[in-house]
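Report on one structure; see the data block that follows.
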Amino acid sequence: MLKIFEKGGKLYWLHSTADAFETFLNVPPTVTRSGAHVRDAIDLKRIIIIALIAAIPAALFGMWNVGYQHNLTLGDGRLQIPANFWYGFLKVLPIYIVTYVVGLAIEFGTAQIRGEEVNEGFLMTGFLIPLIIPVTTPLWMVGLATAFSVIFCKEVFGGTGMNIWNPALVARAFLFFSYPNQMSGANCWIARPGPDAVTGATPLALDGPAQYGTGFLDYFIGAVPGSVGETSTLCILLGAFLLIWTGVASWKIMAASIAGALAVGLVGDLTGVSAIPCYMHLVLGGFAFGTVFMATDPVTSCQTECGKWIYGFIIGALCVTVRLFNPGYAEGMMLAILLANTFAPLIDECVTSRHISKKNRQIPA
């Protein structure tokens with residue numbers, strides 16, 4: 001780092017900003033000098049990079065799907081991979097620009113005020129926010145939701161690693177409860193003829209995929225209406241395999257979430273409450289994306305091994321419960337994960353206390 005940014009230099013007040021740019025692609029030169037320390041090849045920077053790479057397939061497919069849905073509305077159902085992708089890329093790019101400009105400005109500003117390092121956490125949050133909202137969301141809403149999420153979900157709790165709820169989902173929740181017409185139901189995008197848009201309800205809002213004449217395979221591949229990154233379960237699974245293989249995300253949370261969704265969905269099938277087969281819940285809405293990229297957030301999820309099973313099961317079960325019994329809100333993944341985030345510390349505390357009590361009973365008096 002240049003001396004003017006070091007302590008005593010004229011621009012020391014920009015030390016956090018200079019350090020952030022210097023260590024963006026490089027490992028910081030900081031090393032331990034005394035005492036016992038745990039050394040691991042996986043640090044925050046590597047976790048963020050791996051998670052970003054894992055989400056890229058869903059993002060790329062989502063951009064192509066935006067163009068495909070646009071042309072489908074015009075009566076052109078051809079794949080046209082380059083043309084559809086370019087159209088979708090140009091639609092999604094402004095959302096990314098607004099998200100990163102607003103979010104990083106707040107992150108850099110608070111780091112300077114506190115005199116702390118700028119963490120890489122928002123790189124992942126900023127990448128996820130455009131993937132979980134409709135592409136038609138006005139940019140001023142995107143900026144407002146991003147600011148609310150970073151300030152009230154992260155910074156007031158102390159920054160990256162201290163937040164209770166997933167910041168990207170908090171941004172989506174802010175949009176949903178503040179501007180519900182732009183986030184779900186009849187005003188949620190399907191496609192746009194001409195330069196802008198027509199709108200229409202998503203599959204869950206229409207009480208199932210039968211309304212679209214599509215089946216499990218269609219939704220698994222993902223060429224259907226929906227938020228940018230949530231439609232293709234296939235691409236999401238590619239990311240899941242990378243996260244599990246590298247140890248960045250917990251497969252137990254993913255498996256438990258699937259089990260919870262299938263369990264409640266099966267009850268709905270047997271009782272006649274649901275018009276959707278239980279297995280369809282796995283590929284509809286934001287279930288797959290939320291299970292892989294949101295529920296497994298290492299900061300806001302459970303840390304104990306048993307707690308991960310309980311936490312994941314609650315998410316899957318609650319998601320389908322909301323879908324089946326709340327006619328005013330067709331999707332349930334966002335609420336399920338945020339509620340599970342809230343109770344994650346309590347779940348860990350109960351698991352830990354039970355384990356300690358069990359060990360104490362085994363000790364001879």
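The values are calculated or read from the model by the stated rules, or taken from the named source; none is laboratory data. Everything numeric in this text was worked out from a predicted model, so none of it was measured. Positions of Cβ are backbone-derived with ideal geometry, glycine not excepted, and every protein chain shown enters the neighbour counts. Please note that ligands, DNA and RNA were not included when accessible areas were found on the heavy atoms of the full protein model with its side chains. Shrake-Rupley method; radii C 1.70, N 1.55, O 1.52, S 1.80 Å.
Details
- Counting the residues of region 67-80 that are of a type in the set (A, V, I, L, M, F, W, C) and more than 19 Å from Phe220 (Cβ to Cβ) gives 1.
Residue by residue, here is whether (1) more than 22 Å from the chain's Cα centre (by Cα); (2) surrounded by fewer than 15 Cβ atoms within 10 Å (Cβ to Cβ); (3) part of a loop (DSSP other than H, G, I, E, B) holds:
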site	(1), (2), (3)
Ser274	yes, no, yes
Gly285	no, no, yes
Phe289	no, no, no
Val292	no, no, no
Ser301	no, no, yes
Glu331	no, no, yes
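- Criterion: more than 22 Å from Phe127 (Cβ to Cβ), at pLDDT below 95 and part of a helix (DSSP H, G or I) - qualifying residue of Gly265, Gly316: Gly265
- Taking every residue in region 43-64 that is farther than 11 Å from Met124 by Cβ and pairing it with any residue that is buried (at least 22 other Cβ atoms within 10 Å of the Cβ) and among the acidic types (Asp, Glu), at least 6 positions away or on another chain, the pairs with Cβ-Cβ distances below 9 Å are Ala58/Glu230; Gly62/Glu230.
- Breaking point among (1) in contact with a helix residue (DSSP H, G or I) (Cβ under 9 Å, 6 or more places away or on another chain); (2) at pLDDT below 85; (3) more than 26 Å from Phe148 (Cβ to Cβ); (4) open to solvent by less than 60 Å² (accessible area, probe 1.4 Å), for Asp43: (1)
- Residue identified as crowded, with 17+ Cβ neighbours inside 10 Å and modelled with pLDDT under 90 among Leu169, Leu123, Leu144, Leu128: Leu123
- In the set Leu90, Leu79, only one residue is within 21 Å of Val66 (Cβ to Cβ), free of Cβ contacts under 8 Å to residues at least 40 places away in the same chain and outside any helix (DSSP H, G or I); that residue is Leu79.
- Some residue of region 306-322 being loosely packed, with under 15 Cβ neighbours inside 10 Å, touching a helix residue (DSSP H, G or I) at 6+ places or on another chain (Cβ under 8 Å), farther than 28 Å from Pro57 by Cβ and not aliphatic (A, V, I, L, M): no
- The residue that is nearest to Leu338 (Cα to Cα), counting only those in region 221-249 that are touching an Asp or Glu at 6+ places or on another chain (Cβ under 9 Å) and small (Gly, Ala, Ser), is Ala249.
- Yes/no for Tyr96 being among the aromatic types (Phe, Trp, Tyr) and touching a Pro at 6+ places or on another chain (Cβ under 6 Å): yes
- Residue within region 90-108 that is closer than 22 Å to Ile50 by Cβ and touching a Cys at 6+ places or on another chain (Cβ under 8 Å) present: no
- Looking only at region 333-358, and only at residues there that are among the small types (Gly, Ala, Ser) and open to solvent by 30 Å² or more (accessible area, probe 1.4 Å), the one that is modelled with the lowest pLDDT: Ser357
- Residue that is least open to solvent (accessible area, probe 1.4 Å), among those in region 56-87 that are in contact with a Phe, Trp or Tyr (Cβ under 6 Å, 6 or more places away or on another chain) and closer than 16 Å to Pro130 by Cβ: Gly67
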